[in-house]
Amino acid sequence: MIGIHIPTSLEYNTANASLLATAVKNMHSFDEIAAWDKKATAEVKVLQSILNAIEEKEQTAIQVISQEQQEHAAKSFLPKLFDRRKEQKRWLAEQSRLAREKAQIEVVIDQFEAAIDFMPGSLDDLKKLMEECKQQKKELLTEKKDVNDQISSIRVDAKQQTANTSYGKYGKGERRRIRLNKNAALKPQGSQKTALERQINKLDEIINWLGKFT
């Protein structure tokens, strides 16, 4: 299904966003979709406004930190030595917090926009979405097969190399090198396979969710 995760926030009231995220699970008609779409679009605008406000607060924090650094640099040795710079630490912590809040809200906005994009407005729209998702899944499965073939080839090649080494202490170093090379070659392939499987699972969820409206 189309899932939306709403994290806790000090910068905005998440109650309405949480209600909208929950409502996605319970929709069964195009009328419900239309009503949700309207509310979600309005919530995105609210989140964009909050995002702008956070960016302004970030700029304020940056300016205060810069000014404090200039004042500290202008001090003579002894005052500088005993300056614990509590104010700068506080503003640095605030800047870090705002950056986290900004990143979280950007993710929430992206989730809402993705959900809006996948909401069918009619039966024809639903059929089109289903076809697009199934085609995308087909392409990902083909890509996954190619990756599996590459993984199999790397393992077979390493096995053949190992078979050609001598046993005992003379072949031990060579087998170790082959194993390390194999693991290094498999690492990016494994990461790619995991990413593909995650995308395929997500498409399956969306396809199943869309199936409620057929």
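So the values come out like this:
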item	result
The one condition in (1) among the aliphatic types (A, V, I, L, M); (2) assigned to a helix (DSSP H, G or I); (3) within 19 Å of GLN95 (Cα to Cα); (4) within 22 Å of the chain's Cα centre (by Cα) that ALA17 fails to fulfil	(3)
Hey, ILE33 within 20 Å of LEU129 (Cα to Cα) and surrounded by 15 or more Cβ atoms within 10 Å (Cβ to Cβ) or not	yes
Qualifying residue in region 122-138 (condition: within 30 Å of THR22 (Cα to Cα) and not in a helix (DSSP H, G or I))	yes
Count of region 111-152 residues which are under 21 Å from the mean Cα position of the chain (by Cα) and exposed (fewer than 12 other Cβ atoms within 10 Å of the Cβ)	1
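Read-outs: derived from the displayed coordinates by stated rules, not from any lab. As the structure is a computational prediction, the values presented were derived from the model and not from experiment. Here the Cβ is made from the backbone with ideal geometry for all residues, glycine too, and neighbour counts use every protein chain on show.
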